[in-house]
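Let me begin by presenting the structure, written as structure tokens, before commenting on it.
The values are calculated or read from the model by the stated rules, or taken from the named source; none is laboratory data. Since the model is a prediction, treat every value here as computed from it, not as a measurement. Note that each Cβ is placed from the backbone with ideal geometry, even for glycine, and that neighbours are counted across all protein chains shown. Please note that ligands, DNA and RNA were not included when accessible areas were found on the heavy atoms of the full protein model with its side chains. Shrake-Rupley method; radii C 1.70, N 1.55, O 1.52, S 1.80 Å.
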Amino acid sequence: MSYRLAIFDFDGTLADSFPFFVSVFNRIADEHGFRRVDGEEAQQLRHHDTRTIMRHLGMPAWKLPLASRSFIGLMRENAARIPLFDGIHEVLHTLSREGVRLAIVSSNSEQNVRLVLGPALGDLFQHYECGMSIFGKAARIRKVVKQAAVPAAHALYVGDQAMDAEAARKVGVAFGAVSWGYAPIEALRRIKPEREFGTPTELLRIVRP
């Protein structure tokens, strides 16, 4: 089926921010007192879900908002270094022209999202729900679906982590997994996404199944 509402995660889905995340991770780890990782370990951790990664790092849940705030601040200062994935610009314009409502639900800040997207792409999105905990996306997805006045069955949440699928399914929204994000597609296949996208251009199948 095609979808009338496409809700996107941001980091790892639209924006190629993982290299920047890795570059500042140990700085944030030192600031908030959890384990450092080297480049090889960071790649290995991509195969695990968020809760498992937090346990491995010795990061209690109460530290997550503090660490997230540090990352968001550093990203705001370095937004010009964060590119969109190749093809995202054209895909978003095409989906919008085809009548798909576009939304973003991201734990990153709306300011950062808009800085990286730029004004032209940013204006294509009718709904922004940003800045929540990574464990709080379900309520924001539900809010977007309600505001868009689109049945949940006609909405798709596109993301790159198992937490994204978990949040979408809590509110009856299908999950579309991307192969180019933080989690490798092999890990995402274990949660059986309703849709899978191998390249950004394949996102056009949201409206052209």
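Failed condition for LEU84, given (1) open to solvent by 30 Å² or more (accessible area, probe 1.4 Å); (2) under 18 Å from THR13 (Cα atoms); (3) in contact with a Lys or Arg (Cβ under 9 Å, 6 or more places away or on another chain), with all others met? Going through the list (1) open to solvent by 30 Å² or more (accessible area, probe 1.4 Å); (2) under 18 Å from THR13 (Cα atoms); (3) in contact with a Lys or Arg (Cβ under 9 Å, 6 or more places away or on another chain), LEU84 breaks only (3).
May I ask you to list the residues in the range 108-124 that are of a type in the set (A, V, I, L, M, F, W, C) and in contact (Cβ under 8 Å) with a residue 40 or more places away in the chain? Passing the criteria: VAL113, VAL116, LEU117. Restricting the range 1-30 to residues that are open to solvent by less than 50 Å² (accessible area, probe 1.4 Å) and part of a helix (DSSP H, G or I), the residue that is farthest from THR201 (Cα to Cα) is ALA29.
Has the range 192-201 got any residue that is among the charged types (D, E, K, R) and surrounded by 17 or more Cβ atoms within 10 Å (Cβ to Cβ)? Looking through the range 192-201, at least one residue is among the charged types (D, E, K, R) and surrounded by 17 or more Cβ atoms within 10 Å (Cβ to Cβ).
Does SER106 meet the test of being within 15 Å of the chain's Cα centre (by Cα), among the hydroxyl-bearing types (Ser, Thr, Tyr) and surrounded by 18 or more Cβ atoms within 10 Å (Cβ to Cβ)? In short, yes.
Somewhere in the range 60-78, is a residue modelled with pLDDT under 90 and aliphatic (A, V, I, L, M)? Checking the range 60-78: at least one residue is modelled with pLDDT under 90 and aliphatic (A, V, I, L, M).
Quick grid of which residues meet (1) surrounded by fewer than 16 Cβ atoms within 10 Å (Cβ to Cβ); (2) on the phi > 0 side of the Ramachandran plot; (3) of a type in the set (A, V, I, L, M, F, W, C):
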residue: GLU40; (1), (2), (3): yes, no, no
residue: HIS47; (1), (2), (3): yes, no, no
residue: ARG51; (1), (2), (3): yes, no, no
residue: MET54; (1), (2), (3): no, no, yes
residue: LEU57; (1), (2), (3): no, no, yes
residue: ALA67; (1), (2), (3): no, no, yes
residue: ARG76; (1), (2), (3): yes, no, no
residue: ALA79; (1), (2), (3): no, no, yes
residue: THR94; (1), (2), (3): no, no, no
